[in-house]
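A short reminder: the numbers here are calculations on the coordinates, not readings from a lab. All of these numbers come straight from a predicted model, not from anything done at the bench. Because the Cβ atoms are built from the backbone with ideal geometry, glycine has one as well, and the counts that use them run over all protein chains shown.
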Amino acid sequence: MKKRYFIYLSYNGTAYHGWQVQPNGISVQEVLAKALSIVLRSEIEVVGAGRTDAGVHAKLMVAHFDFENDLPADFDLASKLNSLLPKDIAIFKIVEVIPDAHARFDAVARRYEYHIITSKNVFKNLLATRLSENLDFEAMNKSALLLKDYSDFTSFSKLHTDAHTNYCSISHAEWSQSGDEWIFSIQADRFLRNMVRAIVGTLLEVGRNKMTLKEFEEVILAQNRCKAGTSVPAYGLYLVDIQYPENIFILKD
């Protein structure tokens, strides 16, 4: 009897052309599916909770896969995968879910972070965007709060995508400081392609005093990508959390 499992993982996206299988480059989805197929000795397909773009990282990604047999109680699949996968992909845990649970469509919330460093840091050069200018983070936070008042984010969406709607419900959007690093965290029920990077790029215009709070609100209302700021680089973006309803998980005794 077919069983479905959620697999929780993290990855450094530097070497990958995003999560989703691509015809012209290596992807995290492809590498993970190959590793699962080798360990389970069966052709395994994995479906992710979303698709991160090339160079974007995940502190936590969730995917699901099906397997025809029960995993033996003493079979540590996560450890076996970690020994086979490259150093930039790590498995946290694997849990059984109900047969029709879906890593993408059952997610009720996702959270991203964007990392900016304000001084030269050799350990974070490729994992955060460096900006040496003085930014008004108080103004950026006031603007970020406005995001929770709206639902149509066409102005921050990549053009010509296959999304059926540009409506999202944002429950959290805030900048916080940690040492020489500023982190923008944002949580919503769903995100559009390129949405977080476009929002951050537009908030930076506020931080540079090139856009007022009112003008930022006008960008949202315009529902026009051309009105928003330039998208920030992918390497500063992290998917950090995905939440699901408890009733899709099969609890073991």
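Shown for LEU36, LEU192: other C-beta atoms within 10 Å of each C-beta, ranked fewest to most, produce the order LEU192, LEU36. Rounded if a/c is under 1.5, else prolate if a/b beats b/c, else oblate: with a ≥ b ≥ c from the C-alpha gyration tensor eigenvalues square-rooted, which is segment 97-232? Judged from the Cα gyration tensor, segment 97-232 comes out oblate (a/c at least 1.5, b/c at or above a/b).
Potential lengthening of the chain between GLU138 and ARG104 amounts to 8.8 nm, from the contour at 0.36 nm per residue minus the alpha-carbon distance. With the cut-off at 1.5 for a/c, could you classify segment 134-208 from its C-alpha gyration tensor as rounded, prolate or oblate? In terms of gyration-tensor shape, prolate. Counting 0.36 nm for each residue step from MET1 to GLU246 and taking away their Cα separation leaves a gain of 85.9 nm. Derived scalar couplings between HN and Hα for segment 16-22 equal 10, 8, x, 6, 6, 3, 10 Hz in order, rounded to whole Hz, by the Karplus curve 6.51 cos²θ - 1.76 cosθ + 1.60 (θ = phi - 60°), x for Gly and Pro. The helix-only estimate of mean residue ellipticity at 222 nm for the chain, built from DSSP H runs of length n ≥ 4 each weighted as -39500 (n - 2.57), is -6500 deg cm²/dmol after division by the residue total. Computed over the chain with a Gaussian network model linking Cα atoms closer than 10 Å, the most mobile of HIS164, HIS64, HIS172 is HIS164.
Taking other Cβ atoms within 10 Å as a rough exposure proxy, TYR11, TYR167 sort from fewest to most as TYR167, TYR11.
By the beta-carbon count within 10 Å of each Cβ, the least crowded to most crowded order of ILE44, ILE91, ILE98, fewest first, is ILE98, ILE44, ILE91. Near HIS172, the amide H atoms lying under 5 Å from its own belong to GLN187; only residues 5 or more places off or on other chains count, and H is placed 1.01 Å from N. Over all orientations, the chain has a Cα convex hull whose mean projected area works out to 15.0 square nanometres. Counted residue by residue at 0.36 nm each, then reduced by the alpha carbon distance between them, the extension gain from PHE67 to ARG208 reaches 45.6 nm. Evaluated at q = 0.13, 0.14, 0.21 Å⁻¹, a Debye calculation over the C-alpha positions of segment 1-70 (equal weights, vacuum) places log10 I(q)/I(0) at -0.36, -0.41, -0.86.
The relative contact order of the chain, computed from alpha carbon pairs under 8 Å that lie at least 6 residues apart in sequence, is 24 percent. Remark: segment 221-226, residue by residue, has Karplus-estimated 3J(HN,Hα) of 5, 5, 6, 9, 4, 5 Hz, where x stands for each Gly or Pro and the curve is 6.51 cos²θ - 1.76 cosθ + 1.60 at θ = phi - 60°. Only one residue of HIS57, TYR5, ASN134 has its Cα farthest out toward the positive end of the dipole of the chain, where Lys and Arg carry +1 and Asp and Glu -1 on Cβ, and that residue is ASN134. Note on LYS252: lysines with a C-alpha under 24 Å away, same-chain residues under 8 apart excluded, are LYS2, LYS3, LYS80, LYS93.
Label-to-label distance for LEU127 and VAL95 is 2.6 nm, based on points extended 7 Å past Cα in the beta-carbon direction. Rounded to the nearest 20, the size of the Cβ-charge dipole of segment 61-113 about its Cα centre is 380 debye, with Lys and Arg at +1 and Asp and Glu at -1.
HN-Hα J couplings of segment 107-123 from phi, Karplus 6.51/-1.76/1.60, θ = phi - 60°, integer Hz, Gly and Pro as x? Rounded to whole hertz, the list is 5, 9, 7, 10, 10, 10, 10, 10, 10, 10, 10, 9, 9, 5, 9, 5, 8.
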